[in-house]
Structure formats: C-alpha cells, structure tokens
1. Taking only Cα atoms, what is the 0 to 90° angle, nearest 10, from helix 36-53's long axis to the longest principal axis of the chain?
2. First select every other residue whose beta carbon is under 15 angstrom from the beta carbon of L8; then total the charges, Lys and Arg +1, Asp and Glu -1.
3. Helix-only estimate, please: 222 nm mean residue ellipticity of the chain, summing -39500 (n - 2.57) across DSSP H runs of length 4 or more and dividing by its residues, to the nearest 500.
4. Using only alpha carbon pairs under 8 Å that are at least six residues apart, calculate the relative contact order of region 1-59 and give it in whole percent.
5. Any chance you could list the semi-axes, whole Å, largest first, of the equivalent ellipsoid that the Cα gyration tensor gives for the chain, using √(5λ)?
Amino acid sequence: MEKHHRYLVLIEQDEDGIYVASVPALKGCHTQAKSLESVWSRVREAIELSLEVETQNEPPMRFVGVQHIELPA
C-alpha cells in the first residue's frame, strides 16, 4: 500500500484577486496563481520541490486551528 502524506494548505486571495497558497509545515513552501485550479497544481509542485530539498530532520508540526483576532485600530 502506498503511503500518503497530508499537509495543511492555507489559501488567501490578495487585493488583485491572486490566490496565494502556503504550507506551514514546510518552511518556505509558498506559491501563487490567478485561479484556484492553477494554485492547486502549483502547490502540489511546491510541496514536491520542498520535500526534495528538505534537509532538516525536524518532526512536522501538528495543525491546531485557525482563528481570527481583532485589534483596535
């Protein structure tokens, strides 16, 4: 049976409509694209490249949650 790795991917959309994706568990693993379809294919490629060059033996972080916080202006 083939082993699969799961990664949390955060996707945001900037003021120009560009989708920006990052993988918190992989340092420096970010990409962007003009469509969600494109960003998903690019993030897969970014993960694969990050894993190829990863030299650290740190254990992966465990996702805990996402929260909004408001501060007075």
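1. It works out to around 40 degrees.
2. +3
3. Details: 1 runs with 18 residues, N = 73.
Result for the chain, helices only: -8500 deg cm²/dmol.
4. Dividing the mean separation by the residue count of region 1-59 yields 22 percent.
5. Working: eigenvalues 115, 66, 26 Å².
Values for the chain, descending: 24, 18, 11 Å.
Taken together, the values in this text are just the output of simple stated rules run on the coordinates, not laboratory data. This one's a predicted model, so the numbers in the text were calculated from it and none came from an experiment. Using ideal geometry, Cβ is built from the backbone for each residue, glycine included, and neighbour counts are taken over all protein chains shown.
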